[in-house]
Number of protein chains: 2
Amino acid sequence: MGKDAAFQVQFQPIGKRVTSSPDASLFAVARESGIDLASACGGEGNCGQCRIVVLAGEATPPNADEAFILTDLELQQGERLACCTYARSDLTVQVPRASLITGQRLQIAADLGQMAADPLVRAYDLQMSAPTLADIRPDLTRIAAALAETFGLPGVYANPVVVRALSPLAREQGWRFTVFMRGQEIVGMGVWGQRPLGFAVDLGTTKIAAYLVDLETGADLAAAGAPNPQIGYGEDVISRLNHAVRQPDGGQVLAAKVQETLNDLLCELVSQAGVATTQVVEACIVGNTAMTHLLLQLPVRQLASAPYVAAAGTALSVRAADLGLTVAPGAVVYVPPCIGGFVGADHVAMILACDLDQHDKVVLGVDIGTNTEIVLRKPGSALLTAASCASGPAFEGAHISDGMRAASGAIEKVRITAAGVELTTIDDAPAVGLCGSGIVDVTAELYRAGLINHRGRFDRENGRVGDGRFGPQFSLVPANHSGSGRDVVVTQKDVNEIQLAKGAIHAGLQILLEATDTAPEEVEEVVIAGAFGSFLNVKSAIAMGLFPELPNAQYRQVGNAAVIGAKWMLISRAARHRAEAIAQHTAYNELTTYPKFGRKFALGMLFPETVNRNQ
Amino acid sequence: MGKDAAFQVQFQPIGKRVTSSPDASLFAVARESGIDLASACGGEGNCGQCRIVVLAGEATPPNADEAFILTDLELQQGERLACCTYARSDLTVQVPRASLITGQRLQIAADLGQMAADPLVRAYDLQMSAPTLADIRPDLTRIAAALAETFGLPGVYANPVVVRALSPLAREQGWRFTVFMRGQEIVGMGVWGQRPLGFAVDLGTTKIAAYLVDLETGADLAAAGAPNPQIGYGEDVISRLNHAVRQPDGGQVLAAKVQETLNDLLCELVSQAGVATTQVVEACIVGNTAMTHLLLQLPVRQLASAPYVAAAGTALSVRAADLGLTVAPGAVVYVPPCIGGFVGADHVAMILACDLDQHDKVVLGVDIGTNTEIVLRKPGSALLTAASCASGPAFEGAHISDGMRAASGAIEKVRITAAGVELTTIDDAPAVGLCGSGIVDVTAELYRAGLINHRGRFDRENGRVGDGRFGPQFSLVPANHSGSGRDVVVTQKDVNEIQLAKGAIHAGLQILLEATDTAPEEVEEVVIAGAFGSFLNVKSAIAMGLFPELPNAQYRQVGNAAVIGAKWMLISRAARHRAEAIAQHTAYNELTTYPKFGRKFALGMLFPETVNRNQ
């Protein structure tokens, strides 16, 4: 067949059959047909996450990237990187579970304080007389008069898009219905007695968490989560910003992807709660600076390279319809302010939900992710001081040989004993790879068991340390017991990646303490937020030296506090004022400009000498 | 050829060749390809305006409507109604000049008072330092700080669509540029020193007139006009409203048509003035209630039938981008309030521009069109009293055998002498038909010359009265001298149509006077607005009894005052306040509910007995 022909590609075990152009990599073909393969590099042949197996048919031969990343045996078995492979005939392709980013565990609830409802939008139940030849007032004038007479609400107005829905509804309902008012503006309407609802969203780089909330009571009606569909365009924020800058329509595509998922989540929530989409009259969406810029299609060229300047950092309000949300016609989306750099509205939301702005203790807040945001509350000094550490996606499972997301079959707990290795996997499924908490556990255990030294080097003398393609490695699960049919291993390179991640966080926390003249002993509490943080074994994290020594600190794992903060800002004007004060009064520290940063980073990569090893 | 085939249709003398589906009438084919054929009925086979001649090829045979409207000779000569004719082979079609609605004369200027500029949007020329590693404030924060420091303007904000353009421009211009501010909101930006401009529009049922204005000085930069492209969907407002209600997507199509023409006009103005579209930061669009509802896609079902209720009657502001205008990203369109019924923002604008709200005389304002709006200013009583007369499109040339728009070849002045007929045509071209002022002239002359009696009946005994298909008629131009190759005639039916139109206006004015206890002698001035009104021979209008006897009235023809009022509201906040007061304090009278309406209407159809005839 010629090079110009189109081929059929069947993806197994999903059973999806799609048409592939010879110019599109199997990674692109999969993405276009809705199969999201894992990728940290966005399909550039660097990360090795998008592994597939060609079961039947002819594909292009392996390229240099694949020859570097895959073993000879893997290549012999038909294993390939989807981003480097192009169909040359009809193909049947196997997608291993570890290469799929769907179906991962999403952690959306968190147990934090409460916020009293004080919403911007309120409902008014109205009844009025219909027009007659003797009373031909325009519909909007009639409704405004009824609001003035019944509720003493003067000066009512509405945008034409709201009027478009208002006149038909008023007649259908016999001039007895409910209007939703944002101050003096009608933003929506419903049948008599319907309540106004809100949509709170934490738009994470990796995961999206959302709540449907009764605006007048603050009660949760439904919760849902989904992976961020932009992942296929790069796992870290810089790759995504670069996609938006470099590809024609890149920004529109990324915005459309996430807007579509937000709308799907909204529909799922509304369906769960058994309410009407037109009752949703307000939304609050938080995310880091890159995520909110991409959502709102703000310019990102200047955010993608030094000195990393945001286009807008203040709170923004946009019409929900402009973001493609099918809600009340006048609904508004509130995007809270940013702090600085990539420390965005999600961190403001986290600070708010954890009441860090009101604490009378010295508290460190840490939200571990591809970017790790950290904040120090120290009563008496500046309200708060924040910084961002480029910790990389190692704790999300990327750049780790057998790393994976927190999905079924992921190893989340590890204990290395004299007898062997004790594991816990998600869903108790056969082990496929290591998710974030497993990575922390196994690293701490390797160090505790003396298999790696305090510089992170494997002890080649130790009989339990094997030899792999990249040098020494430790086998957690043999191929015949694993869910992937391959050994699950930790390599020297993996340990190095983990050291880079922990070095960045460790150094960031140390500099934050020094910059605020805070002795480690003064820190009374460490709040660990985020999904990864809530599954983390804190003892292991301390053992591997993820945090500096904080002898007097209590550790508190609060889960996804950002979405709780978003919900508070959704239902409460007071919460928005607090959020705006937090953003305004939080000092932002650019860590990389500190002279000692390089040295602290290098020291942070070491494992703590004080750990009681070989227990 | 089978019925499913597509045919080529060539329209002459335009020279346009288009593909026709066999299911589309030639009227629809012409419209889709941008050739706007005249039509009062919207292509229903009733008005006889969309005449064409099939020169070559096979078409469907004439139907019953055509047999009724066209003479046997016309049919023999290949004359057809485009809306009743379907291609059955490739066709060559001749479009007579009278059937085209393009190229008509548009009157857009008027000599009225002045309004001092006091605009909502102002320009600020800014210069600031670029971001550095030591100063990573977000762009919007940087610009807001510069506005606060340089001009003492605090609390600046912007919508994301504005920020989208702001960051790239700031960098292109080296952080030295101009921002356009609407209060504290940035609505646009330009290169250093660019001035903010505005777009003022009178959206007439038939014609659209527009100005480009310097907002800060009020100076006119350019003027342009175009026919309303909705004409092809019905000449009067009720046909158009019915199209919007009955056709799927009818409302969207009508809105898109007019929005496209507005954008074309804007581009023409900007090009004339040699400025950038992004300098246009504000617009004001006036029109009758139906026109503004269709423009804004407000619900019209309740406006299309009794009791004719508007969806919204108060002033509305919408984003220019929502109307498809390519202007500054944050530009707003202001649509002023309505008075009642179909008396809309255009009449408010006319009252404003003529200062009728501030007059100390008793003044009647009349804007003659398909709907004729009338208003009485009487110092000491209610501010103003307005009414609407369904005068029909006779004065626009519709429903008149040889009626046409004010285009080249239209008879605009007529004098019947003993020796014959003296005519003036537009462009001095061979006569094709009668436009509005010609229709008024010829009617007055026919009556003065004794060819019709005071009931409007032709004097069959008079040798100058001929015999036509619809009974007695008067020939103005024989076929061999006309531009159409046909006699230009006035028939008994034509005179009856004119009587219906003048009867409605006459009755409306009389009832308005009675309802406000105003004696005809009290009226000191009659202001005649609108394009038709400015070409009108007032003596002829009085002679034919278009107005009741107003013995002490001075007549003043002011041309298109509505677009001047729109301009005032564009450049002046004070003018908007006055307009809103006018709408609020003008009493609306529904004429048809007056018990004496029918009788007054019938009496108004008569010609005045007092006219000095046979001079």
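The values are calculated or read from the model by the stated rules, or taken from the named source; none is laboratory data. Keep in mind that what you see is a predicted model, and the values were worked out from it rather than measured. Glycine gets a Cβ as well: all are built from the backbone with ideal geometry, and neighbour counts include every protein chain shown.
Of the residues in region A:133-158, how many are within 12 Å of chain B (Cβ to nearest Cβ) and at pLDDT below 95?
6
Tell me, please, whether a residue that is at pLDDT 80 or above, surrounded by 21 or more Cβ atoms within 10 Å (Cβ to Cβ) and more than 26 Å from the chain's Cα centre (by Cα) can be found in region A:76-84.
yes
Of the residues B:G42, B:G34, only one is farther than 12 Å from B:T85 by Cα, at pLDDT below 85 and surrounded by 16 or more Cβ atoms within 10 Å (Cβ to Cβ); which?
On inspection, the qualifying residue turns out to be B:G42.
Please verify whether A:L591 is more than 30 Å from A:R182 (Cα to Cα), outside the structural domain of A:I285 (by TED's automatic domain parsing) and at pLDDT below 90, treating the condition exactly as stated. Criteria met by A:L591.
Every residue, every condition in (1) surrounded by fewer than 21 Cβ atoms within 10 Å (Cβ to Cβ); (2) not in a loop (DSSP other than H, G, I, E, B), yes or no:
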position: A:R122; (1), (2): yes, yes
position: A:A130; (1), (2): yes, no
position: A:R137; (1), (2): yes, no
position: A:T141; (1), (2): yes, yes
position: A:A144; (1), (2): no, yes
position: A:A148; (1), (2): yes, yes
position: A:A165; (1), (2): yes, yes
position: A:M181; (1), (2): no, yes
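The listed residues are B:Q297, B:Q252, and the only one of them that is out of contact with any Asp or Glu (no Cβ under 9 Å at 6 or more places or on another chain) and on the phi > 0 side of the Ramachandran plot turns out to be B:Q297.
Just to be sure before I move on: is B:G188 of a type outside the set (A, V, I, L, M, F, W, C), touching a strand residue (DSSP E or B) at 6+ places or on another chain (Cβ under 6 Å), away from chain A (no Cβ under 14 Å) and farther than 30 Å from B:G234 by Cα in the structure I sent? For B:G188, the condition - of a type outside the set (A, V, I, L, M, F, W, C), touching a strand residue (DSSP E or B) at 6+ places or on another chain (Cβ under 6 Å), away from chain A (no Cβ under 14 Å) and farther than 30 Å from B:G234 by Cα - is met. In region A:162-179, the residues that are small (G, A, S) form Cβ pairs under 7 Å with partners that are outside any helix (DSSP H, G or I) and crowded, with 19+ Cβ neighbours inside 10 Å, at six or more places apart or across chains, as follows: A:A165/A:M189; A:A165/A:P329; A:S167/B:P299; A:S167/B:A311; A:A170/A:F177.
No other residue among A:V421, A:V432 is at pLDDT below 95, touching a Ser or Thr at 6+ places or on another chain (Cβ under 6 Å) and aliphatic (A, V, I, L, M) apart from A:V432. The residue that is nearest to B:N496 (Cα to Cα), counting only those in region B:536-547 that are surrounded by fewer than 21 Cβ atoms within 10 Å (Cβ to Cβ) and of a type outside the set (K, R), is B:I542.
Among residues that are more than 19 Å from A:A398 (Cα to Cα) and of a type in the set (K, R), A:R455 is included.
The set of residues in region A:304-318 that are more than 13 Å from A:P337 (Cα to Cα), within 9 Å of chain B (Cβ to nearest Cβ) and of a type in the set (A, V, I, L, M, F, W, C) comprises A:A306, A:V309, A:V318. When each of A:G503, A:G508, A:G468, A:G530 is tested for being among the small types (G, A, S) and surrounded by fewer than 20 Cβ atoms within 10 Å (Cβ to Cβ), the lone residue that passes is A:G468.
Restricting B:G456, B:G483, B:G503 to those that are out of contact with any Pro (no Cβ under 6 Å at 6 or more places or on another chain), in the same structural domain as B:I411 (by TED's automatic domain parsing) and not aliphatic (A, V, I, L, M) reduces the list to B:G456. Among the residues making up region A:322-347, those that are of a type in the set (A, V, I, L, M, F, W, C) and away from chain B (no Cβ under 14 Å) are A:L325, A:V327, A:A328, A:A331.
Evaluate the following for B:D111: is it loosely packed, with under 14 Cβ neighbours inside 10 Å and at pLDDT below 85? Yes; evaluated as a whole, the condition is true for this residue.
For region B:366-386, does any single residue satisfy the condition of being within 14 Å of chain A (Cβ to nearest Cβ) and either aliphatic (A, V, I, L, M) or under 18 Å from B:A504 (Cα atoms) (or both)?
Yes, the conditions are met somewhere in region B:366-386.
Going by the conditions given, is A:T610 of a type in the set (S, T, N, Q) and at pLDDT 90 or above? So A:T610 fails the test. Just one of the listed residues (A:L169, A:L221, A:L153) is surrounded by fewer than 24 Cβ atoms within 10 Å (Cβ to Cβ) and in a loop (DSSP other than H, G, I, E, B), and it is A:L153.
Conditions tested, residue by residue: (1) aromatic (F, W, Y); (2) closer than 30 Å to B:V465 by Cβ; (3) in contact with a Gly (Cβ under 7 Å, 6 or more places away or on another chain); (4) assigned by TED's automatic domain parsing to the domain that holds B:G559.
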site: B:K361; (1), (2), (3), (4): no, no, no, yes
site: B:P379; (1), (2), (3), (4): no, no, no, yes
site: B:D402; (1), (2), (3), (4): no, yes, yes, no
site: B:A418; (1), (2), (3), (4): no, yes, no, no
site: B:E445; (1), (2), (3), (4): no, yes, no, no
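When region A:314-328 is filtered for residues that are in a loop (DSSP other than H, G, I, E, B) and buried (at least 24 other Cβ atoms within 10 Å of the Cβ), the ones remaining, listed by number, are A:V327, A:A328. Among the residues of region A:265-295, the ones that are closer than 19 Å to A:V187 by Cβ, in a strand (DSSP E or B) and within 20 Å of the chain's Cα centre (by Cα) come to 3 in all. Being among the hydrophobic types (A, V, I, L, M, F, W, C), surrounded by fewer than 24 Cβ atoms within 10 Å (Cβ to Cβ) and touching a strand residue (DSSP E or B) at 6+ places or on another chain (Cβ under 6 Å) is the requirement here; does B:I411 meet it? So B:I411 does not fit the description; no. When region B:190-217 is filtered for residues that are in a loop (DSSP other than H, G, I, E, B) and over 24 Å from the mean Cα position of the chain (by Cα), the ones remaining, listed by number, are B:W192, B:G193, B:Q194, B:R195, B:P196, B:L215, B:E216, B:T217.
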